Amino acid sequence: MADIDKPLPNVNTEIKVPGEEEIAVAQEETIKEQVGPDDIEVTQEEDGGATIDFDPEAVNQPGGEGHFDNLAELLPEQTLGRGLATLGTPAGLLATEPLFIAGQIQQGDSLTDIATNPFNYMGAAFAGPATEFATKGLSPAIAKTMRLGISPSVLKTVSRRFGLPGLALSLGISGYETYDDYKNKRGWFSEE
C-alpha cells in the first residue's frame, strides 16, 4: 500500500438540515417582507361587512416570478391530472353532476335535451378508468370513500355496460339532430 505524503485537510463534513419549524419561520419572514400590515387596508362597512384592499402583486407564489404566473406549471405533473380525475370518481360525480343538470334546467333545456346531451354521460362512461387513476397509491379507506363503497370491478362493469353505450347513443342522437338542423337550415345553420 502506498504511503500518503501529505495529511488530508480537515474538512467539515457535517451538514445541517433545517427543521420544519425553521423552514416555517423562514417562509413567514419572506411573506412578511413581501406584504406588511401597512400594505393592507381594511374598511368597515355600514352593513357589518368589511372591504379588504391590498396589492395582489405584492405576494408571489414561491418558485414563481409574478402574481399572474400559471400555477399549473409550479405543481408536480401528477397533481393536476389526479385532481381532475378525482372529479370522475363516484364521489366527484355525486357532487358535480346534479349541479350541471340543474344548470341545464335553469337554462330552459327540456328533459329530452338533457337526456340526449352527451356531456351528461361522460362521467358514467369514464368513471372506471378515472377512479382507477385517481385512487392509485392512496390508502384503501380513502379509495373506498372516493368510490362510495363500490368495488372497482363493479365500477368498471357499469362504466362499460351503461356509461359508454349511453355516451354513444346520446352522441348519435345529438349528431342526427345537428344533421337535421343543417338539412332544414335551423339553429347554427340558419341564414339569418
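Among the conditions (1) modelled with pLDDT under 85; (2) touching a Ser or Thr at 6+ places or on another chain (Cβ under 7 Å); (3) within 18 Å of T96 (Cα to Cα), the only one that S170 does not satisfy is (3).
For region 90-113, a tally of residues being surrounded by fewer than 10 Cβ atoms within 10 Å (Cβ to Cβ) and small (G, A, S) returns 1.
Test F126 against the criterion of being under 21 Å from G172 (Cα atoms) and among the aromatic types (F, W, Y), and give yes or no. Before the answer, list the steps.
Working: under 21 Å from G172 (Cα atoms): yes; among the aromatic types (F, W, Y): yes.
Spelling it out, F126 is indeed under 21 Å from G172 (Cα atoms) and among the aromatic types (F, W, Y).
Just one of the listed residues (K156, K144) is out of contact with any helix residue (DSSP H, G or I) (no Cβ under 6 Å at 6 or more places or on another chain), under 15 Å from T89 (Cβ atoms) and assigned to a helix (DSSP H, G or I), and it is K144. Against the definition (among the hydroxyl-bearing types (S, T, Y) and either over 15 Å from R82 (Cβ atoms) or surrounded by 13 or more Cβ atoms within 10 Å (Cβ to Cβ) (or both)), how does S139 come out, yes or no? The answer is no for S139. Here R160, R186 are screened, and the one residue that is in contact with an Asp or Glu (Cβ under 9 Å, 6 or more places away or on another chain), basic (K, R) and surrounded by fewer than 15 Cβ atoms within 10 Å (Cβ to Cβ) is R186. Per the listing I150, I114, the residue uniquely touching a residue at least 12 places away in the same chain (Cβ under 8 Å) and either of a type in the set (D, E) or outside any helix (DSSP H, G or I) (or both) is I150.
The values are calculated or read from the model by the stated rules, or taken from the named source; none is laboratory data. Quick caveat: nothing in here was measured; it's all calculated off a predicted structure. Neighbour counts are summed over all protein chains in view; Cβ atoms, including those assigned to glycine, are modelled from backbone coordinates with ideal geometry.
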